[in-house]
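**Student:** Provided herewith is a single structure, encoded as structure tokens, for subsequent inquiry.
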Amino acid sequence: MADLNLKILTINLKGPSGIGKPDKRRTTFIEIVEDVKPDIILVSEPSGFKKTVTDLNKDRESGQKFITAAFTKNHAAVLVKENLIQDKKELETETERVAISKIKLKGTSKTFLVAAYHGKYTSVKKPAKVKATQELFEVLKSIASDAGNGSGTSQIKQQAPMTVLLGGDFNYNIEKDEGVLVDDIASYGYAVWPYQASERRKRLKKDFILSYPTLAGYEEVTVLLDKTTPYKCYDHDPLFASLTVRPAQSAEGNVTEPNEEQQDPTEKSQKSRHVLCVQDCMELEEK
């Protein structure tokens, strides 16, 4: 199987403190999607979501439309391009403010657990936010491990946890070393995909993309900005990254670096490239 490249966008669809017109944000969102062409969109605060998805898919050809793989009212949603999905299953948990979907990719044996998150509000004290994040980590890790250690008989299925892609607005800087969560991220087995916040968001960096199990060899996530000014109709700067999934047999299950010489220079300048070799995952459970 050839390498699989997944382009991921995470975006908060609300405006600054509710300021701004929803139609403008909706139009800008569609422009962003047309520009970066993501395969997976992790949405926080999906304001006017039904109309947003309708408008997004209005002029798209069959296969290029986005399917809502998971949705939690007022908080989060996962959108995935139609031609990418062979099967999907939305998962319900007691964890608040998260939308989770188990997605099997078309033409591969790969299954991902994809989650979009909207953390507790700024007015909530940080210990409560940290506790909520820790609970989220545990829930996703548990689901991924159970899936990887499912009823399959092969050694690969018994050993490999399902790969988790998690992104969204955590409403605080989970990287900031205050001795609260930063050490826990690695201990939980997650990796934060690093990036430098734009100047206007420098002190309010709170949107992140993470993965489990821990990845290695990745570059910074791209902060999406308008050609002249930041997207001021949004409260947050959208994030964009690219994940390359390589067949396990080609690298014996180890994470490897991308071949610099094989990358298109233009493509490389537009997005980050993360490389992960994933072992075969179990099939989606049928209910």
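Rule-based calculations on the coordinates, nothing more; no lab input. Just so we're clear, the structure is a prediction, and the values are computed from it rather than from any experiment. Cβ placement follows ideal geometry from the backbone for every residue including glycine, while neighbour counts extend to all protein chains displayed.
**Student:** What ranking, highest mean first, results for peptides 70-76, 49-55 when packing means the other Cβ atoms within 10 Å averaged over each residue?
**Tutor:** The most tightly packed comes first, giving 70-76, 49-55.
**Student:** Could you tell me what % of all Cα pairs in the stretch 1-109 have separations over 21 Å?
**Tutor:** I get 36 percent for the Cα pairs in the stretch 1-109 exceeding 21 Å.
**Student:** Full extension from Glu138 to Asn5: what is 0.36 nm times the residue separation minus their Cα-Cα distance, to one decimal in nm?
**Tutor:** 45.2 nm
**Student:** Pulled fully out, how much extra length does the chain show between Leu204 and Ser62, if you take 0.36 nm times their separation in residues and subtract their Cα-Cα distance? Kindly include the intermediate steps, with their values, before the conclusion.
**Tutor:** On the way: separation 142, 0.36 × 142 = 51.12 nm, distance 3.88 nm.
Length gained, Leu204 through Ser62: 47.2 nm.
**Student:** Let me ask another. For a Förster distance of 35 Å, can you work out the FRET efficiency between the beta-carbons of Leu91 and Glu31, rounded to the nearest 0.05?
**Tutor:** Working: r = 31 Å, r/R0 = 0.89.
For R0 = 35 Å, the calculated efficiency reads 0.65.
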